[in-house]
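For reference, the structure is listed below as structure tokens.
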Amino acid sequence: MAEVKEESMPHHDKNQVPVEREFDQASFSSDETQTGVKTVEAVSQTWTQSALIAAYLGIFLLAFCTSLEGQTTINLVVYATSAFSKHSLVATVLVVQGVVNAVIKPPMAKIANVFGRLEAFSISVILYVIGYIQMAGSNNVKTFASAQIFYSAGSTGLQILIQIFVADTSDLLNRALFSSLPDVPFLITVWAGPPLANSLLAHTTWRWGYGIWTIVLPVAFLPLALSLFLNMRKAAKLNLLPASPWKGQTFLGGLKSLWYSLDIMGLLLLSAAISLILIPLTLAATAKSHWHNASILAMVIVGCLCFLIFPLWESSPKLAPHPFLSLRLLTNRNVLAGCAIGFFYFTVFYTSIYPYFSSYLQVVQSDSVTAAGHITQTFTFTSTVAAICISLLIKYTHHYKYYITLGSCIYLLGVGLMIRYRSESSSTAQIVGTQIAMGIGGGLISIPAQLGVQAAVSHSDVAAATAIFLTVVEIGGAVGSAISGAVWTSNLPAKLTKYLPADAQADAALIFGNLTLAKSYMGGTPERAAIDRSYQETMDILLIIAACLAAPLIPLSLVMRNYKLDAIDQKVRGKVIGKEKRLGGGDGSGAAEMTMTGAEEGRGDRGFWRRFRRC
């Protein structure tokens, strides 16, 4: 790809980083464009205003469904694990989710590039439904935990595919705003999810909390699927679709091509490394001999070996000609800093809010499932509002770096306030206030950080860069869950044994493993006082760890480059929301270029909807 020429850039101040200095040729070069990318570029040429609106309405409906499901089932997982007397393993379940979430994003992006966007969406929905069925029918915690593999694969697949779709159909200046579209349903579902979970528990069982989505999700997916299918058929009629890469290949040849295209060995190495290192952290404290347990040590050692072998495999052109976690992209300064920000952001989230904050509220604060869910989800609601507002500011200021730095400061402040005001004597207003502070900081971090990573690469690398960012974010969540599980299982049982009255100490293990039993003791009794104190002291340890993990966010935000978004041309083919495209560059390559009419150039983004209608 040609470098962005100096004379083509809008005027910017002397502190602005010149775009062409950061975009080296390696960042923008890519291997042979894969069929799925060619397909979506062909489909992009057929978009009309009504088709694009229909597609985004389908995205919104799908996002609303998955958001409501998530806000409902997050309140059910503690009851599902408690039904098997394994409440403490809720962190292990979340680690399994985090591991799958981390490793599935790059291959799902690869599937979207190799086969196509519609095919990848369909695979994700199928995996999602399989996970629902398995969780609803599980009879033990092992089956329930294994269901997270399918559930998380489908969930995270939809998450990254929605972001890739937004990147396919919007320019950088509008991408932050449209990337926040899947978060809009949270403004409603954070309040609707807990009452729905409470109603399900009151009138049916936690199993139906998972089972109902086997019907709802496929129905919600139909509008988006239909929109993509109809535009693919239109592109086929215009002879725009690329030829099938599998045509003329033998069965074995096709398998070999899939092996290298999807980088299956790299996926296995990464998934083994992450799972074998993180899961033992949550199991070690409950193992018979703790870290002296041979099987746990073996898992960690094998995981570390896989982690060392992984970069060697990915950097070999012969072994991994199409690496799904491109080490080339990870040499980019913005990608590195952005991914590190996402990592610590999610690690802090999973040590301060999930997975045990809801349990803490129900026990120490004596809140109901609905009230605890609402308080917990205050973060999600606030961060969603903040993300939408900051996306609008990015659209009109054309910058993103300042907001990441500001958000990092507020996020760290929020954790500090939690240490001070998340206590037995704190009022509900004080606890909610700390959630709001953290939510504002989180909203200022997440979308701008992802945008900064995407701005550093070309359109052909956007899917890979987005996958890398979201993969590292999920690894951060898995690490946070593992830390939470390790702290919880190491401290809470010992504190219960220490503080419970002598006649109740025999029940310490049962109280630790069952949230319902812990809540059943009457307030004011010595047993309940001991339980509350044990929960409080364990939560204090988690919050101190969260504060330490939040500190690196500020210096990392300063490392990121401050791109002027309307000065970057990512060479997107086809029609996108934002600046006009004209097919066919001056070099005859057919690459679309960003252009603005003379009337629009002086008005900046005020002509957005006019350009949207023309697209």
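Using the Karplus equation 6.51 cos²θ - 1.76 cosθ + 1.60 (θ = phi - 60°), what ³J(HN,Hα) coupling, rounded to whole Hz, does each residue of region 330-340 give in order, writing x for Gly and Pro?
Here the 3J(HN,Hα) series is 6, 8, 7, 4, 5, 5, 4, 5, x, 5, 5 Hz.
Can you tell me the order of 157-163, 558-564, 146-152 when each peptide is scored by its average per-residue count of other Cβ atoms within 10 angstrom, highest first?
Details: 157-163: 24.1, 558-564: 18.9, 146-152: 21.9.
Ranked by mean Cβ neighbours within 10 Å, highest first: 157-163, 146-152, 558-564.
Order 176-182, 439-445 from most to least packed using the mean count of other Cβ atoms within 10 Å.
Details: 176-182: 22.3, 439-445: 27.0.
In decreasing order of mean packing, 176-182, 439-445 become 439-445, 176-182.
Amide H to amide H under 5 Å from HIS322: which residues, 5+ apart in sequence or cross-chain, H placed 1.01 Å off N in plane?
Close amide H contacts, sequence-distant or interchain: none at all.
Could you list which residues have their amide H under 5 Å from that of SER170, counting only those 5 or more apart in sequence or on another chain, with H placed in the peptide plane?
Under 5 Å from the amide H of SER170: ILE577.
Mind scanning LYS256/LYS318; LYS142/LYS519; LYS105/LYS564 and naming the pairs with a C-alpha gap bigger than 18 Å?
Working: LYS256/LYS318 13 Å; LYS142/LYS519 25 Å; LYS105/LYS564 28 Å.
LYS142/LYS519; LYS105/LYS564, as the Cα separations exceed 18 Å there.
Could you order peptides 52-61, 479-488 by the average number of other Cβ atoms within 10 Å of their residues, highest first? Could the numbers behind the result be given before it?
Working: 52-61: 18.2, 479-488: 26.2.
So the peptides 52-61, 479-488, ranked by packing, come out 479-488, 52-61.
Using θ = phi - 60° and the Karplus relation 6.51 cos²θ - 1.76 cosθ + 1.60, list the HN-Hα couplings for region 532-539 in order, rounded to whole Hz, with x at every Gly or Pro.
My calculation for region 532-539 gives 4, 5, 5, 4, 5, 5, 5, 5 Hz in order.
In terms of modelled amide H atoms, which long-range or inter-chain residues lie less than 5 Å from the amide H of LEU262?
Answer set, sorted by chain and number: none.
With θ set to phi - 60° and the Karplus curve 6.51 cos²θ - 1.76 cosθ + 1.60, what are the ³J(HN,Hα) couplings of region 119-127 in order, to the nearest whole Hz, using x for Gly and Pro?
4, 5, 4, 5, 4, 5, 5, 4, 4
Bear in mind these aren't lab numbers, they're just calculated from the coordinates by the rules spelled out. From a predicted model like this one, the values you see are computed outputs, not experimental measurements. Note: ideal-geometry Cβ built from the backbone for every residue, glycine included; neighbour counts use all protein chains shown.
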